[in-house]
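Presented below is the structure to which this report refers.
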Amino acid sequence: MAPIPGSGLAKGLAVTLRTMTKKTVTAQYPDVQPELPPRTRGVIALFEENCTVCMLCARECPDWCIYIDSHKETVPPAAPGGRERSRNVLDRFAIDFSLCMYCGICIEVCPFDALFWTPEFEYAETDIHELTHERDKLREWMWTVPPPPALDPGAEEPKEIAAARKTADKLAAEQAAEAERAAQAPRAEEAGQPDSPAAPPSGPQEGRS
């Protein structure tokens with residue numbers, strides 16, 4: 001059956017009329033901040049203390065927008081007779097957000113949780129060179145990282161937390177045992193202390209023949 005002439009136009013006008021009768025909702029930005037989803041990809045923050053300069057994030061970045069410089073330092077032995085070790089020291093960590101496509105690969109491949117998503121998105125600049133954030137600026141974004149979502153009540157406890165709790169309980173038990181031994185030591189000394197010797201008799205003593 002052939003379509004009725006003008007039916008497409010009628011359907012389009014019907015959609016327009018339905019839209020016109022709905023209440024208009026306008027986002028009052030920037031006076032009212034939008035409610036962003038919890039997993040919003042705004043800007044990337046750096047937790048410098050966790051970075052070991054493994055270079056995984058820079059190697060896996062499809063846009064090559066992560067710049068890392070480092071040097072090696074010699075660490076003295078932890079115990080006498082040990083040997084010296086070398087470790088990487090971070091000199092520069094920068095991300096060029098004019099090239100970044102917010103794929104999140106750098107955050108996913110980081111094995112030490114040094115990179116985080118933050119919902120902040122208001123960092124536009126008039127100069128494109130200002131979109132290269134050095135490590136000091138990336139560290140400031142850490143204050144805007146939202147807390148992790150709560151775990152499912154029926155989920156298994158993470159191994160890291162279980163190991164930390166086991167270590168803490170063991171340490172608390174050792175401290176309690178040591179305190180108990182310290183409290184029992186004075187009582188044991190008092191119980192094992194010999195009686196005081198009797199005083200010698202007063203007066204002159206007869207000599208033996």
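The values are calculated or read from the model by the stated rules, or taken from the named source; none is laboratory data. Since the structure is predicted, the reported quantities are computational estimates derived from the model, not experimental observations. All Cβ positions, even for glycine, are placed from backbone atoms using ideal geometry, and neighbour counts span all protein chains on display. SASA here: full protein model, heavy atoms, side chains in, ligands and nucleic acids out. Shrake-Rupley method; radii C 1.70, N 1.55, O 1.52, S 1.80 Å.
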| Among residues of segment 73-116, those that are part of a strand (DSSP E or B) and either of a type in the set (D, E, K, R) or in contact with a His (Cβ under 7 Å, 6 or more places away or on another chain) (or both), counted | 9
| request: Scan segment 160-186 residue by residue and report those that are open to solvent by 100 Å² or more (accessible area, probe 1.4 Å) and within 29 Å of Thr40 (Cβ to Cβ). | output: Glu160
| field | segment 132-172 - residue that is small (Gly, Ala, Ser) and in a helix (DSSP H, G or I) and, of those, farthest from Pro37 (Cα to Cα) | value | Ala172
| said: Checking the conditions here, which among Ala173, Ala164 is modelled with pLDDT under 90 and not charged (D, E, K, R)? | reply: Ala164
| note | For segment 55-72, the count of residues that are farther than 13 Å from Cys100 by Cα and either open to solvent by less than 50 Å² (accessible area, probe 1.4 Å) or not in a loop (DSSP other than H, G, I, E, B) (or both) equals 7
| message | Looking at (1) open to solvent by less than 50 Å² (accessible area, probe 1.4 Å); (2) in contact with a strand residue (DSSP E or B) (Cβ under 7 Å, 6 or more places away or on another chain); (3) within 26 Å of Glu120 (Cβ to Cβ), which one does Val75 not meet, given that it meets all the others? | response | (3)
| request: Select from segment 144-159 the residues that are open to solvent by 100 Å² or more (accessible area, probe 1.4 Å) and either farther than 28 Å from Pro119 by Cβ or among the polar types (S, T, N, Q) (or both) and write down the one among them that is nearest to the chain's Cα centre (by Cα). | output: Lys159
| field | Top-ranked residue in segment 82-116 [being open to solvent by less than 50 Å² (accessible area, probe 1.4 Å) and of a type in the set (Phe, Trp, Tyr); ranked as farthest from Ala58 (Cα to Cα)] | value | Phe97
| message | Suppose the filter is of a type in the set (D, E, K, R), surrounded by 10 or more Cβ atoms within 10 Å (Cβ to Cβ) and out of contact with any Cys (no Cβ under 6 Å at 6 or more places or on another chain); does Arg18 pass it? | response | no
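Does segment 117-136 hold any residues that are of a type outside the set (A, V, I, L, M) and open to solvent by less than 80 Å² (accessible area, probe 1.4 Å), and which are they?
Trp117, Thr118, Pro119, Glu120, Tyr123, Asp127, Thr132, His133, Glu134, Arg135, listed by residue number.
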| field | Every pair of residues 6+ apart whose Cβ atoms lie under 9 Å, when the first sits in segment 117-131 and is farther than 14 Å from Cys100 by Cβ and in a loop (DSSP other than H, G, I, E, B) while the second is basic (Lys, Arg) and open to solvent by 60 Å² or more (accessible area, probe 1.4 Å) | value | Pro119/Arg39; Pro119/Arg41
